[in-house]
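Here's the structure we're looking at; comments come further down.
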Amino acid sequence: MLAVHFDKPGGPENLYLKEVAKPSPGEGEVLLKVAASALNRADLLQCTLSLQRQGQYAPPPGASNILGLEASGHVAEQGPGCQGHWKIGDPAMVLLPSGGQAQYVTVPEGLLMPIPEGLTMPQAAAIPEAWLTAFQLLHLLGNVQAGDSVLIHAGASGVGTAAIQLTRMAGAIPLVTAGSQHKLQMAEKLGAAAGFNYKEEDFSEATLKFSKGAGVNLILDCIGGSYWEKNVNCLALDGRWVLYGLMGGADISGPLFSKLLFKRGSLITSLLRSRDKKYKQMLVKAFTEQILPHFSTGNPQRLLPVLDRVYPITEIQEAHAYMETNKNVGKIVLELPH
């Protein structure tokens, strides 16, 4: 099969398609013929821990070295011990530890999700990582409640665009930060009550002004170090601050603990990729039951994945280079040859 490959860490120019061995499904696994796979920051240089293509963010033990944390496609084969929930040819989308940017990928059957009616394969590929992350941050970790105000950093990202919609669905009030007027306008179209351009204003002051001095009940933060003081400043009393990335660095200098203690604030940290299979299966099950029906055509509260661009996988270098410009609103998706 064809798969995205790189021989040495570095820039997008090192990526190319290579013929590699097609995997075989093991116990309780399904082989998915991939139709589309979305890019994630974990595939690039700029994200959380510095990263897989740069050779500093190895996949979890036992995972494939092929990039790609989510995919959509059709069930091609079932391994021994499968429970019979899926049939050959069924369309499905899946959360992966790696391996999605290839023509085939194996996956535990408990991580497969049905594709909602009315969605294309590229749209479906844009759901698993971003939407499961946003769902986890808001509900499992952030305990979002109706009426809460939620500050979402990187509001035009895949996770950000999902979190805006899920916050609205929970009856809470989404506020976002982003780095351009275009991104803020897109976020507001999705339901953000307000947006703040972090390049042009102090989002902490703007948030406090919007909330009439009360601050926000919940912060979803993929930035980390460079935002800590502004985050604490605009956190409401008893607020929850969920940290899931370090795009703004890992170092803190200053009285974080005393400021957080004064607010009685909770600092919660999370990574999805390194979670074990049991946790991911629980998350997939909860998301499939509670959220997935809202993606279907005709649902009055319809949720939609936001796609910025779709590239053929042969243009893998261009897709990665575009993501590194940080101009995308929503997801960048790769299409595999039929």
If the Cβ limit is 8 Å and pairs must be 6+ apart or interchain, which residue in segment 62-89 that is at negative phi and in contact (Cβ under 8 Å) with a residue 24 or more places away in the chain pairs with which residue that is in a loop (DSSP other than H, G, I, E, B) and of a type in the set (D, E, K, R)?
Leu69/Arg273; His74/Asp90; Val75/Lys87; Val75/Asp90; Gly79/Glu27; Pro80/Glu27
Hey, among Ala162, Ala124, Ala130, which residue is modelled with pLDDT under 95 and assigned to a helix (DSSP H, G or I)?
Ala130
Can you tell me which residue is nearest to Gln301 (Cα to Cα) among those in segment 188-242 that are of a type in the set (S, T, N, Q) and surrounded by fewer than 18 Cβ atoms within 10 Å (Cβ to Cβ)?
Asn197
If you go through segment 12-28, how many residues are touching a residue at least 60 places away in the same chain (Cβ under 8 Å) and within 22 Å of Thr325 (Cα to Cα)?
4
Looking at Gln83, Gln56, can you tell me which residue is at pLDDT 85 or above, over 23 Å from Tyr311 (Cα atoms), assigned to a loop (DSSP other than H, G, I, E, B) and polar (S, T, N, Q)?
Gln83
Log entry, pairs with first residue in segment 252-281 being farther than 17 Å from Gly215 by Cβ, second being polar (S, T, N, Q), beta carbons closer than 7 Å, six or more apart or on different chains, reads Ser270/Gln136; Leu272/Thr133; Leu272/Gln136
Taking the stated definitions as given, is Thr106 part of a helix (DSSP H, G or I), β-branched (Val, Ile, Thr) and either within 29 Å of His5 (Cβ to Cβ) or at pLDDT below 95 (or both)?
no
Go through segment 90-106 and report how many residues are surrounded by fewer than 24 Cβ atoms within 10 Å (Cβ to Cβ) and in contact with a strand residue (DSSP E or B) (Cβ under 7 Å, 6 or more places away or on another chain).
6
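The values are calculated or read from the model by the stated rules, or taken from the named source; none is laboratory data. Remember, it's a predicted structure, so these values are computed and weren't measured experimentally. Note: ideal-geometry Cβ built from the backbone for every residue, glycine included; neighbour counts use all protein chains shown.
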